[in-house]
Amino acid sequence: MKTLTVIGAGISGLTCAIYAQRSGIRTTVLEKATGPGGVSTSWKRKGYTFEGGIHWLIGSRPGLPLYDIWKETGALGAGNPIFYKDPVYTLVDGDIVLQLPRSARKMQQTLGAFSPRDKAALAVLRFHIWCFTFFHSPVQDIGGLKVRHPRRFSLVEFLKMGPAVLLTPYLMSISAGRYIKRFRSPHIRRLLGTVVDPKINALSLIYTLSTFDDGDGGYPAGGSLRLSQNMADTFTSLGGRILYRTPALGVREADGGVTVLTEGGPMQSDAVVISSDARTAIDKLFPEPLQDRWARRLRSKLSTAQCMFVALGVRANLSDCPRCMQIVLKRPLEAGGLRFDSITVNNYALVEGYAPEGCTTLTCILPGNSYHYWKAMREEGLYRQRKQEVIAEFISRIEEHLPQTRGLVEATDLATPLTWERYCDTFEGSYMSEWRPWHFNANAPISYRPGIFFTGQRTAFSGGLPVAAETGRRTAQTVCRSLGVEFVSR
Ligand SMILES: Cc1cc2nc3c(=O)[nH]c(=O)nc-3n(C[C@H](O)[C@H](O)[C@H](O)COP(=O)(O)OP(=O)(O)OC[C@H]3O[C@@H](n4cnc5c(N)ncnc54)[C@H](O)[C@@H]3O)c2cc1C
């Protein structure tokens with residue numbers, strides 16, 4: 001039996017490990033943390049669940065190519081009903097409340113009624129969303145591989161993607177922020193500016209809106225932890241082995257295979273898959289920092305997506321508030337050296353089991369690069385103090401805009417990029433690469449050297465869970481091909 005070591009039990013590592021094990025390769029996963037999921041995780045504080053990973057899952061709707069991966073890996077089990085937020089966002093600016101419905105038709109009606117002078121721009125937006133209706137992240141089989149259940153390549157499906165393909169160069173050439181500027185209403189601009197970071201390309205904005213319109217992008221019950229635990233269970237039920245609290249310290253080429261160095265000693269296998277952040281791995285896991293052309297490009301070209309994540313447990317029932325509110329602040333919030341005029345607050349009041357009876361979990365992602373700010377704070381010994389200050393300021397903004405929460409916050413947490421760096425060793429604490437207009441981040445190759453493979457973030461464009469799942473599967477296929485093994489998906 002061939003053997004494989006996978007470094008990392010994040011979503012890409014688990015996806016790869018499940019397919020490899022099912023294909024008959026004896027697979028061991030090494031994970032430095034105490035549980036599965038990597039940056040896609042949630043945790044508990046004083047009885048509240050803080051969802052720090054999935055906010056929407058692409059491929060959550062049956063019939064989509066990615067859905068097959070979530071099903072085959074057991075990520076979405078029978079006990080994971082999917083919830084769909086509709087409206088997906090609600091802008092709250094004083095007395096003005098403006099909703100962003102899922103359906104593009106309703107979006108056009110709602111926003112058009114709110115701002116009649118934007119009707120033409122809304123018609124164009126709806127057309128652009130329509131162009132992407134049949135565009136789905138493809139999941140294909142690689143060439144030269146024996147596959148037990150091959151995926152059929154449909155020419156009709158491919159042709160249906162035509163409008164999206166034709167529109168793509170234009171949308172990639174401008175930022176989401178610039179695309180949104182065509183709307184005259186500042187409220188519509190703000191509302192659409194919540195969907196993706198305005199710095200990244202407009203393709204990501206239109207693709208995301210079309211995902212919502214298509215009935216995809218739901219939230220699976222149990223969230224990140226249930227999804228990754230389901231995957232870990234699938235893997236172990238197939239006979240795979242996961243070693244938690246076991247960081248890989250190095251990767252070395254060896255006669256007839258590869259050796260992974262761990263505190264417990266070297267582990268030899270026929271192949272290794274590095275699913276931990278490739279940007280970190282190229283400097284840390286090899287005898288010398290890698291100097292291949294792609295590795296040098298990865299160092300110089302990478303644009304990282306970073307954020308801070310604030311979570312509150314509130315002793316109040318907020319089920320009558322919108323599920324995802326973009327609150328325009330009366331006083332801006334300063335955090336991590338960045339300034340926010342508005343915050344997007346996720347309200348989990350209607351998600352069962354996320355808070356004690358009558359209480360509510362609120363979370364908020366504060367996007368932007370704050371790694372160097374927090375690193376400087378740590379070096380000056382001010383890290384904890386600054387975190388407490390940000391939490392206090394955040395609570396005061398929430399109390400100002402949701403007075404029913406005043407004095408009732410009883411659990412808090414703030415994750416900074418240093419948190420993700422510490423737990424998952426991601427580069428500068430980032431959770432994916434940022435795809436700016438005409439900026440192509442360099443990627444690591446899936447197949448690097450005989451027996452050494454990469455997967456996950458930094459091996460494909462864009463990012464998030466779709467990339468983790470698709471590259472995890474593709475890497476498993478590449479490993480199977482190199483070891484001469486038939487690929488079995490289910
Ligand atoms: C707040 C937040 C919200 C998000 N929301 C969404 C969303 O709504 N939808 C979406 O699609 N995506 C979302 N994402 C992004 C998504 O979660 C990630 O892009 C994805 O999970 C990355 O998966 P990965 O397997 O490539 O990497 P990782 O999750 O980084 O997995 C790598 C694993 O390797 C382990 N590791 C690292 N070094 C070592 C070592 N030396 N030895 C052993 N193990 C090691 C790490 O601990 C980790 O478990 C979000 C991310 C964040 C932070």
_Residue list for segment 239-289, filter: of a type in the set (V, I, T), surrounded by fewer than 22 Cβ atoms within 10 Å (Cβ to Cβ) and part of a strand (DSSP E or B)_ = I242, T259, T262
*Under 7 Å by Cβ, and 6 or more places apart or on different chains, what pairs join a residue from segment 325-337 that is free of Cβ contacts under 8 Å to residues at least 24 places away in the same chain with one that is not β-branched (V, I, T)?*
P332/R339; P332/F340; P332/D341
_Quick check on segment 205-213. Is at least one of its residues buried (at least 20 other Cβ atoms within 10 Å of the Cβ), charged (D, E, K, R) and either in contact with a strand residue (DSSP E or B) (Cβ under 9 Å, 6 or more places away or on another chain) or at positive phi (or both)?_
no
*Could you give me the residue pairs with C-beta distances under 9 Å whose first residue belongs to segment 133-160 and is over 24 Å from Y207 (Cα atoms), whose second residue is surrounded by fewer than 16 Cβ atoms within 10 Å (Cβ to Cβ) wherever it lies, and which are 6+ apart or on separate chains?*
L145/E486; K146/G484; K146/E486; V147/E486; R148/E486; R148/R490; H149/R490
*Only one residue in R458, R436, R422, R449 is more than 27 Å from V310 (Cα to Cα) and outside the structural domain of M172 (by TED's automatic domain parsing), so which one is that?*
R449
_First in segment 304-317 and in contact (Cβ under 8 Å) with a residue 24 or more places away in the chain, second anywhere and part of a strand (DSSP E or B) and among the aromatic types (F, W, Y), Cβ under 6 Å, 6 or more apart_ = A311/F50; G313/Y48
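Yes or no, residue by residue, for (1) near the ligand (Cβ under 10 Å from one of its atoms); (2) charged (D, E, K, R); (3) over 27 Å from the mean Cα position of the chain (by Cα):
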{"residue": "S228", "(1), (2), (3)": "yes, no, no"}
{"residue": "A232", "(1), (2), (3)": "no, no, no"}
{"residue": "E263", "(1), (2), (3)": "no, yes, yes"}
{"residue": "D270", "(1), (2), (3)": "no, yes, yes"}
{"residue": "D283", "(1), (2), (3)": "no, yes, no"}
{"residue": "E288", "(1), (2), (3)": "no, yes, yes"}
{"residue": "R297", "(1), (2), (3)": "no, yes, no"}
{"residue": "S300", "(1), (2), (3)": "no, no, no"}
{"residue": "V314", "(1), (2), (3)": "no, no, no"}
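Among the strands (runs of 3 or more DSSP E) confined wholly to segment 1-94, which include 1 or more residues that are touching a residue at least 40 places away in the same chain (Cβ under 8 Å) and β-branched (V, I, T)?
Where strands (runs of 3 or more DSSP E) fall fully within segment 1-94 and carry at least 1 residues being touching a residue at least 40 places away in the same chain (Cβ under 8 Å) and β-branched (V, I, T), they are 3-7, 26-30, 48-51, 89-93.
The values are calculated or read from the model by the stated rules, or taken from the named source; none is laboratory data. Note that this is a predicted model, so its numbers are computed, not measured. No Cβ is skipped: glycine too gets one built from the backbone with ideal geometry, and neighbour counts run over all protein chains shown.
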